[in-house]
Amino acid sequence: MFTTTPKFACIAATIASLAWASHAAASTPTVSWDMGDAPKSGVTEIRFPLRFDVTPDATGLYFAFYVPLIGGSRPYTGLQPKARSSEGVHTFQAVFSSFSASAQSDDANCFGGADGAKEGVSCSVRVDLKLGTFYSNRLTVKAGAGDGRDYYSGDIYNDLTGAKVAHIGSFSLLHTSGGNFATKATGGSGGFIEPYRKDGCSQSARVGYGAPSGLAAGTIYRGDVPTISQPKSGSCIVATQSVRDGVNSVSVSPGDGP
């Protein structure tokens, strides 16, 4: 079951959390991932598996991956726990966004702007997910028909059944800033665990990170299991990790930071 997130609700939530998110982003646990054996030309599909074992069932935390592109732009994707549905089901918001000034979208799940900025595009959808099951945000890219743009689409899948859960959103970028998905996370981190609202500082969660994978010319490339780095100071949450059997089990708990 899934529902699209109303555009005005997204905008209001973004504005309400912007001031706190900009503060929290400066000191938050970061995620590193790599896919070193993939071609330098990148991949046309990339998958990021996450499994929630414990969720706060509330708004406040964002488990995200940066997705660097060959052209230099860096969209991001991930999952945000939300309050349980009226039926008592664990609910999450799946996100796929770009800060690029060239980003355009006519997708009903998307709106203009990212993280409160006028530029960019933000896409999201609410989904009901089962704890203890891996789900992947699957991102694809296709070149436009001579229009100088690349077209990106994001969907969330149940990795156990292979079934598509929902469409997250889609947008296009100028080819000069887009291109295929790069296979090495650059810029110091490949993602983050962010308390994008102050409420997130008092929340706890346990999440399993599986190895990302990519597809290029029919060949599947598998990356390493992502690792987490905790900032030395300033973070209001603490992330501890334990890698076993190809999964990095990460526990998030309140910290002593602001």
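Can you pull out every residue in region 55-86 that is of a type in the set (V, I, T) and more than 16 Å from P195 (Cβ to Cβ)?
Residues satisfying the conditions are V67, I70, T77.
Test I168 against the stated conditions and say whether it is touching a Gly at 6+ places or on another chain (Cβ under 8 Å) and buried (at least 19 other Cβ atoms within 10 Å of the Cβ).
Criteria met by I168.
Identify all residues within region 46-67 that are assigned to a loop (DSSP other than H, G, I, E, B) and touching a Ser or Thr at 6+ places or on another chain (Cβ under 7 Å); write none if there are none.
Those that are assigned to a loop (DSSP other than H, G, I, E, B) and touching a Ser or Thr at 6+ places or on another chain (Cβ under 7 Å): P56, V67.
Out of S86, S41, I need the residue that is outside any strand (DSSP E or B), surrounded by fewer than 16 Cβ atoms within 10 Å (Cβ to Cβ) and free of Cβ contacts under 8 Å to residues at least 60 places away in the same chain. Which one?
S86
Within region 94-106, is even one residue without any contact (Cβ under 8 Å) to a residue 12 or more places away in the chain and surrounded by fewer than 18 Cβ atoms within 10 Å (Cβ to Cβ)?
yes
Would you please name the residue that is modelled with the highest pLDDT, looking only at residues in region 236-255 that are outside any strand (DSSP E or B) and within 14 Å of S204 (Cα to Cα)?
So the residue we want is C236.
Among the listed residues L173, L131, identify the single one that is in contact with a strand residue (DSSP E or B) (Cβ under 8 Å, 6 or more places away or on another chain), surrounded by fewer than 23 Cβ atoms within 10 Å (Cβ to Cβ) and at negative phi.
One residue alone meets the criteria, L131.
How many residues are buried (at least 21 other Cβ atoms within 10 Å of the Cβ), of a type in the set (A, V, I, L, M) and farther than 30 Å from S251 by Cβ if we restrict to region 107-128?
Total satisfying the criteria: 1.
The values are calculated or read from the model by the stated rules, or taken from the named source; none is laboratory data. It should be emphasised that the depicted structure is a prediction, and the values quoted were computed from it without experimental measurement. Here the Cβ is made from the backbone with ideal geometry for all residues, glycine too, and neighbour counts use every protein chain on show.
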